[in-house]
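Read through the structure below, which is laid out as C-alpha cells, and then see the notes.
Every read-out reported here was derived from the displayed coordinates using simple, explicitly stated rules and does not represent laboratory data. Not measured: the values here are computed from a predicted model. A quick note on method: Cβ atoms are made from the backbone with ideal geometry, for glycine too, and the neighbour counts reach across all protein chains shown.
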Amino acid sequence: MVTKEQILQWLQQFASAIAQNKEYLTQLDAAIGDADHGINMDRGFQKVANQLSNFAAQDISSILKSVSMTLISSVGGASGPLYGSFFLRASTAVIGKQELSNEDMVSLLQAGLDGVLQRGKAQLSDKTMIDALSPAVTTFTQIIREGKTTTEAIQQATVAAEQGMKATIPMVAKKGRASYLGDRSINRQDPGATSVYLMIQSLSEVLVESLVTSD
C-alpha cells in the first residue's frame, strides 16, 4: 500500500528535485524552448510544497486535485496545463482513497498519462514529456502485473523514464516551441521529459526510503 503520507512526501520530494535542478531544466529549455521550464516548474512546485501541510487532512484524490489547481494557476507556459492535467486526471482515479493498492497506483499513473496525452496531443517520439512518462507508466503496469511490489515497479519505471528521457536527445521535436527548430532540435534533451524523470524518480526515492525505514 502507498499511504497518504507517502504521497505528500512524494510531492515534497519532487518540489525539492525541481528546485535543485531549476537551472539545469532552464538550460535545457534555453536550447530548444523559451528558457523558462525550470523557473516555471519551480515557481509552481514551491507553491505546492508550501501548501502541503494544508492538504494533509484531505484524501489522496483531493490532494492531487489541489496540486493540479495550484500548478494550473501558477506555472506559465505549457508546463502548467500539462502537469495540471496529469494530477487532475490522476485524482479522478483514486476518489475517496486514504491509501493506494498496486492497482490504484496503476490507475493513478495511467489516468495521469491519459490526461497529458489528451491535453498536449503529443505521441511517443514527438520529443516531449510523453517520451519519459509513457514508458514509465507502461513499465510500472507490467511489473505490477507480474506480481511484484509497488516499490519494485516504481524502481523499474524510473529506469524506463530515464531511458525515455535520454532517447529524446536524437529526436526531431514535433510539438511545442521546439518544433519550430526542425533539425536544430536534434542532440538536445527535452526539458519536459527531464522533469518527468525527476517526478518518477522522486516517487521511487520516497517508497524505497519507506521500505528501508520499515525494515
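Shown for Met165, Met69: other C-beta atoms within 10 Å of each C-beta, ranked fewest to most, produce the order Met69, Met165.
Order by neighbour count: Thr194, Thr92, fewest other Cβ atoms within 10 Å first, most last. Let's see the in-between values first.
Values: Thr194 24, Thr92 16.
Least crowded to most crowded, the residues run Thr92, Thr194.
If we count every other residue with Cβ under 15 angstrom of Gln155's Cβ, Lys/Arg +1 and Asp/Glu -1, where does the sum land? Mind dumping the intermediate values first?
Values: positive: Lys148; negative: Glu146, Glu152, Glu162, Glu205, Glu209.
Once positives and negatives cancel, what remains is -4.
With the charge dipole of the chain set up from +1 on Lys and Arg Cβ and -1 on Asp and Glu Cβ about the Cα centre, the Cα lying farthest toward the positive end among the listed residues Tyr197, Met69, Pro135 is that of Met69. Ordering Leu8, Ser53, Met105 by the projection of their Cα atoms onto the charge dipole of region 5-137, which places +1 on the Cβ of Lys and Arg and -1 on the Cβ of Asp and Glu, puts Ser53 at the extreme positive end. For the chain, the number of Lys pairs separated by eight or more positions or lying on different chains, with C-alpha atoms closer than 18 Å, is 12.
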